[in-house]
Amino acid sequence: MTPATAAALHPTQRRILTVLVAAQILSGAGLAAGITVGALLAEDMLDTTGLSGLPSTLFTAGSAVAAALIGRTSQRRGRRTGLAAGYAAGALGALGVVVAATIDNVTLLFTALVIYGAGTATNLQARYSGADLATPGHRARALSTVLVATTLGAVVGPNLVTPLGTLARSWNIPPLAGPFLLAAIAYGAAAVVLWTLLRPDPLLTARTLAEPDTPRPGHSPATPSSSGDNRRLVLLGAAVMVVAQLVMVAIMTMTPIHMQHHGHSVGAAGAVIAVHIASMYLPSPLSGFLVDRYGRIPIAGASGLTLMAAGLVAAFAPPQSVALLAIALGLLGLGWSLGLVSGTAIITDNTSLATRAKTQGLVDVTIAVAGAGGGLASGMIVATGSYTLLSLVGGIIAVALLPVLVIATRAGNRVRPHDQPAPTPADR
């Protein structure tokens, strides 16, 4: 029996996935807060549209720092410690946003948004944990199981904007800060679930199965081997996810602003964002199946085409049409899902257990930086140009990924789930 087969049959894999799913359901609500009202809160406090993309930039920048720290912590101490600490930091940041809005302190708001970004980083890092004990032929489906769990909280969260705003007002808190109260509770609960229940640790267990002489938790190998790493394919996987994140964040961030400027209510914007987030996470099982069944690169290409379609629909949708904007944001979420699952599978396939978590953390840093750049640029493009221009630029960037994938394929880098050891009965 190979280490991969043993890992697939490990008796705790099902329990680990159950715990990760529970934590993701909780954290999804926290993730949705900043997406839905972050830009609106900044516009209200700063009294300018040009900087309304700044909150997205700040919490994605914070997620970049957190991704690196979570990756390094997970490599040394295991996923349980890294993920629980990340969600705890996200909860602290959400509370800071509420306090900043209440006392109208912009400096505190910016600082809290950076810390709040740790929750976003953790929500994404959790997907890797689902694949730690999976065979190559099931990796995409395993990580997509963790991703789809985010759907419930992430869809419910935006639709609570109005009632949470009413509750916040009754406590003398600005209504737009209401969703961040939910985020603090949701992230805090996710941290508790992971810290208490994610045992045994999936990464440490997989490492033990593959390398019996792996040092005890808390100790790094004296000379960690990276012989299993394929740097070129790691970079390719990172590029797929970076493009998906950049385009998604840029268009998503400015959609609520675009809608508000054309007379739509915050509730309507929240509904469109709910559709978007559902489309990001709900199709994850389908994305995982497609990636495992048809290969990593073909589905990465489908991601680029879907994101391009989203940009075109958003660009030419009449501003008064909530339905067409919802369709555009739905396509945007689906394209992101295909890109994230295929890119993650490429990364996991081509990193060794000795360096996997650290490498994954660094890859997520680049993803977060791309998101931060997209968020910041989106406000400037809309302020100096238009939402239509922003959407068209996003579509062009997405389709530019296709030639890179074609070159990789022609070079013989066909990233398939069975490029790894031959499939076992557990893969079928």
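Output needed for the stretch 274-314: three equivalent-ellipsoid semi-axes, defined as square roots of 5 times the C-alpha gyration tensor eigenvalues, in descending order, whole Å.
20, 15, 5
Over all distinct Cα pairs, what is the inverse of the mean 1/r for the stretch 250-321, reported as the Kirkwood hydrodynamic radius in Å?
Numbers: mean 1/r = 0.0721 Å⁻¹.
Across the stretch 250-321, the inverse of the average 1/r is 13.9 Å.
Hey, what's the per residue convex hull volume over the C-alpha atoms of the stretch 42-145, in cubic angstrom?
105 Å³
Report, largest value first, the span of the C-alpha coordinates of the stretch 97-215 along each principal axis, in whole Å.
Extents along the principal axes: 57, 29, 22 Å.
Order the peptides 259-267, 146-154 from the highest to the lowest mean number of other Cβ atoms within 10 Å of their residues. Let's see the in-between values first.
Details: 259-267: 15.7, 146-154: 24.4.
With the highest mean Cβ count within 10 Å placed first, the list reads 146-154, 259-267.
Every number in this text was worked out from the coordinates using simple rules, so none of it is lab data. Owing to the predicted nature of the structure, the values given are computational and were not obtained by experimental measurement. We place every Cβ from the backbone using ideal geometry, glycine too, and count neighbours over all the protein chains shown.
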